[in-house]
Structures are given as C-alpha cells and as structure tokens.
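The values are calculated or read from the model by the stated rules, or taken from the named source; none is laboratory data. Predicted model, so just to flag it, every value in this text is computed and none were measured. Virtual Cβ from ideal backbone geometry, glycine too; neighbours counted across all protein chains shown. Surface accessibility is based on the protein's heavy atoms, side chains included, excluding ligands, DNA and RNA. Shrake-Rupley method; radii C 1.70, N 1.55, O 1.52, S 1.80 Å.
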Amino acid sequence: MPPLRSGIVLAGGRSTRFGSDKLAATLDGIPLVRRTVDALAAVTDGVIVVLPPGGARNDLPEGVTVTHDLQEGEGPLAGLHTGLLAAVRTDQVIVAGGDMPELQPSVLRLLLDTLDDAAVDAAALAEGDHFRPLPVALRTWPAADAVHTLLHAGRRRLRDALDSLRTAVIDEPTWMALDPGRRTLRDVDEPADLDDPRDGSG
C-alpha cells in the first residue's frame with residue numbers, strides 16, 4: 001500500500017516586509033496561498049494550512065484542513081509542529097510556505113519519493129553548497145518527535161529540524177532536470193518579488 005501523504009502550508013507569518021497580507025496578493029490572478037495549496041494538493045491526499053491564532057482566510061479551496069498556531073510569532077518551526085500534529089494519520093508530509101507560488105509538482109513528487117529510502121526521514125533540495133529548508137518532505141512521526149524536542153530546547157529554525165533528522169539532499173542537477181528555471185524555490189517577501197521570476201532568496 002502506498003504511503004498516505006499530506007501537504008502542509010505554513011501561513012502564519014506576519015508579512016512584515018510585504019506591508020500587507022502577502023498571501024492574498026495574486027500572481028496571474030490567483031492568491032499566493034491558493035497557488036501553494038493547489039501544488040501540494042496535486043501530490044498528496046490532502047492539504048493542511050497553518051494559520052496564526054484566530055486567523056481566517058476566504059481564499060482556500062473546499063476540503064482544505066485549517067489549523068492554527070497556539071501562539072503568534074513563535075516562528076516557522078512552531079508552525080511546522082502544529083501542521084505535523086494535524087497530519088498524524090499520514091505517513092509523510094510535504095511542507096512549503098504559503099508564499100511559494102511556483103512549486104513544481106514533479107519536484108515535490110521527487111522529494112516525497114526520496115522518503116521511500118528507509119534510511120532517511122527528510123528530503124530537501126540543494127542550492128549551491130547548502131540546502132533550502134522549504135519545500136521539504138518529512139516522515140511525519142520522526143519529524144514531529146524531533147520538532148517537539150527542538151521547541152522545548154528553545155530552537156525555532158526549520159533548518160534545526162533538518163539538521164537533527166536523517167536528511168537526504170537532492171543535488172541541483174537532479175531536481176533542476178525537472179525544473180530548469182528553479183521556479184520551485186521562488187518565494188515572495190516583498191511586492192517587487194511578484195514581478196521577479198528569478199527570486200529565490202528565501
């Protein structure tokens with residue numbers, strides 16, 4: 001039986017640099033968060049969106065599970081923990097930011113399929129001499145345990161989780177064969193990024 005897979009969209013940020021709710025901003029007429037949800041939905045059995053405490057959105061498709069951070073401003077690792085707890089019935093998750101509008105399903109599938117190797121608990125994309133923390137594929141329970149431990153130790157970065165897990169890093173030639181324009185790494189931090197298809201600063 002193939003593994004059950006969930007998508008987790010981290011959408012609890014404050015959009016400080018953008019100046020307004022960036023996830024509601026549109027690219028080609030579609031809100032950024034909706035573009036992320038649609039990409040994850042193409043490769044999973046369901047999508048979970050993590051919002052800030054009390055947050056609500058009217059730009060999500062039907063069938064999406066919405067959950068909320070317990071406290072505002074705790075950082076992306078806390079958001080990931082919230083999402084993982086909502087995904088406990090699935091074996092694997094693919095995680096992305098709600099500001100990543102050009103995720104390529106073929107690259108997301110590659111990340112998830114890498115988890116079929118029993119020796120790894122996470123899969124990330126290489127970028128130069130490093131790796132990008134998002135998008136990332138994770139085994140649900142090992143990741144949830146690791147993130148829980150890190151949060152109790154006062155850690156808040158997504159990279160901390162990947163450093164603590166058995167993480168496979170997919171080299172650039174392999175994943176860029178599926179995405180030559182590196183669109184999967186594009187994210188939006190400022191309004192100008194909506195006009196810059198080469199943005200991938202993260």
Evaluate the charge dipole of the chain about its Cα centre and quote only its size in Debye, nearest 20, assuming +1 on the Cβ of each Lys and Arg and -1 on the Cβ of each Asp and Glu.
340 debye
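Quick one: plug the Kirkwood hydrodynamic radius of the chain (C-alpha pairs) into Stokes-Einstein at 20 °C, 1.002 mPa s, and report D in µm²/s.
129 µm²/s
Using DSSP, restrict attention to beta bridges with both residues in the chain and report what percent are antiparallel, rounded to the nearest 5.
Details: 12 of 30 bridges.
Counting only bridges with both partners in the chain, antiparallel ones make up about 40 percent.
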Give the carbon-plus-sulfur fraction of the accessible surface of the stretch 65-202 in %, rounded to a whole number; probe 1.4 Å, heavy atoms of protein chains only.
51 percent
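Rounded to a whole number, what is D in µm²/s for the stretch 58-154 from Stokes-Einstein with the Kirkwood radius over alpha-carbon pairs (37 °C, 0.692 mPa s)? Don't skip to the end; give the middle numbers.
Numbers: Rh = 14.6 Å.
For the chosen part, D equals 225 µm²/s.
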Give me the accessible area per residue for the chain, probe 1.4 Å, as a whole number in Å².
47 Å²
